[in-house]
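Let me begin by presenting the structure, written as structure tokens, before commenting on it.
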Amino acid sequence: MTVHDDHLLERDDACAQLDADLERARLGVGRVVLVGGEAGVGKTSLVRSFAAQHENDVRLLWGACEALFTPRPLAPVYDIVDGLDTWAAEPPTTDVERARFFSALLEELRARPTLAIVEDVHWADDATLDALKYLGRRIDSTPSVLVLTFRDDEVSIQHPLRSVLGDLPSESTTRIALAPLSAAGVEELARRAGRLAYGLYETTGGNPFFVTEVLAGGGGDVPETVVDAVLARAARLSEGALRLLEAVAVVPGSIEIWLLEELAADDMSHLAECLASGMLVPAHL
């Protein structure tokens, strides 16, 4: 039986699913595992904990995409290649070489049980998305698990990642959607930190990153780390969506829709964008 990190609150089902997929892969039927959730919800914590539990059982390969202004094509794939003991394929410069490169990587996944993790694939460049699609559509012929993490609130219908997710075979794909912590989970984190949880759930929405940063900050002002994370998310919105957020911010707490329409009539068309990004949350009456 696998013993999981007891600091991962309310993630037992996700851990059990990862265990089941890895066991299935060891029998020769590999899986793609899609781990989605908002920024700060604990995707990295989950996969790092899972990887640590199995570092002596399987080969671990790790890659990550980054929100660079000039991303290097195939950067997370090269991260994975760097973790291989031997690698004969040269970096591809043509379509033919790229096909051979992808094929060689697939053969590596067939060679031995492997847990390959690629984080933040919502930032992946086109070449990386091609590689993930190629591997994902053939993963069931390997003893390996390919875990892809992404911010689901940043993957719109038009996002390039959407076509990759849609083309993965359903019979060899697992989807894990990480939700924010419940009020009880937030209370437990506060208890571990020796703090009161009053108002913490309402303030943070149960986002584990926000909760832990507020608890670490000792109360009072909002931690700079939280401010930076929120502003970074807001920076990816359109100008109209930002104006709508500014109108909402004028009113403390929640705002009635009729009042928002009065304050920002010209920008109401961006409401769906704000909701999809998680910057606005509908009130439950």
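The values are calculated or read from the model by the stated rules, or taken from the named source; none is laboratory data. What you are looking at is a predicted structure, and each value in this text was computed from that prediction instead of being measured. We place every Cβ from the backbone using ideal geometry, glycine too, and count neighbours over all the protein chains shown. The protein model used for the area step is the full one, side chains on, heavy atoms only, and it has no ligands, DNA or RNA in it. Shrake-Rupley method; radii C 1.70, N 1.55, O 1.52, S 1.80 Å.
Scanning region 135-153 for residues that are farther than 24 Å from Gly37 by Cβ, open to solvent by 30 Å² or more (accessible area, probe 1.4 Å) and touching a Gly at 6+ places or on another chain (Cβ under 6 Å) yields a single hit, Asp140.
Counting only helices (runs of 4 or more DSSP H) that sit wholly inside region 28-145, those with at least 2 residues that are within 29 Å of Ala276 (Cα to Cα) and small (Gly, Ala, Ser) are 43-53, 126-136.
The residues of region 155-214 that are more than 30 Å from Ala25 (Cβ to Cβ), of a type in the set (S, T, N, Q) and open to solvent by 70 Å² or more (accessible area, probe 1.4 Å), listed by number, are Gln158, Thr203.
So that you can scan it fast, the table gives a plain yes or no per residue for (1) out of contact with any strand residue (DSSP E or B) (no Cβ under 8 Å at 6 or more places or on another chain); (2) at pLDDT below 85; (3) aromatic (Phe, Trp, Tyr):
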{"site": "Phe209", "(1), (2), (3)": "yes, no, yes"}
{"site": "Gly217", "(1), (2), (3)": "yes, yes, no"}
{"site": "Val227", "(1), (2), (3)": "yes, yes, no"}
{"site": "Val230", "(1), (2), (3)": "yes, yes, no"}
{"site": "Leu244", "(1), (2), (3)": "yes, no, no"}
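Sort out which residues of region 116-134 are in contact with a helix residue (DSSP H, G or I) (Cβ under 6 Å, 6 or more places away or on another chain) and in contact (Cβ under 8 Å) with a residue 60 or more places away in the chain, and write them in order of number. Ile117, Thr128 - these are the residues of region 116-134 that are in contact with a helix residue (DSSP H, G or I) (Cβ under 6 Å, 6 or more places away or on another chain) and in contact (Cβ under 8 Å) with a residue 60 or more places away in the chain. Report yes if Ala39 is surrounded by 15 or more Cβ atoms within 10 Å (Cβ to Cβ) and either touching a residue at least 40 places away in the same chain (Cβ under 8 Å) or in contact with a strand residue (DSSP E or B) (Cβ under 8 Å, 6 or more places away or on another chain) (or both), otherwise no. Spelling it out, Ala39 is indeed surrounded by 15 or more Cβ atoms within 10 Å (Cβ to Cβ) and either touching a residue at least 40 places away in the same chain (Cβ under 8 Å) or in contact with a strand residue (DSSP E or B) (Cβ under 8 Å, 6 or more places away or on another chain) (or both). Listed conditions (1) surrounded by 19 or more Cβ atoms within 10 Å (Cβ to Cβ); (2) within 14 Å of Pro76 (Cα to Cα); (3) hydrophobic (A, V, I, L, M, F, W, C) are all met by Ala127, apart from (1). When restricted to residues that are within 20 Å of Ala124 (Cα to Cα) and open to solvent by 70 Å² or more (accessible area, probe 1.4 Å), region 49-96 contains 11. Among the residues of region 83-118, the one identified as touching a Gly at 6+ places or on another chain (Cβ under 9 Å) and at pLDDT below 90 is Gly83.
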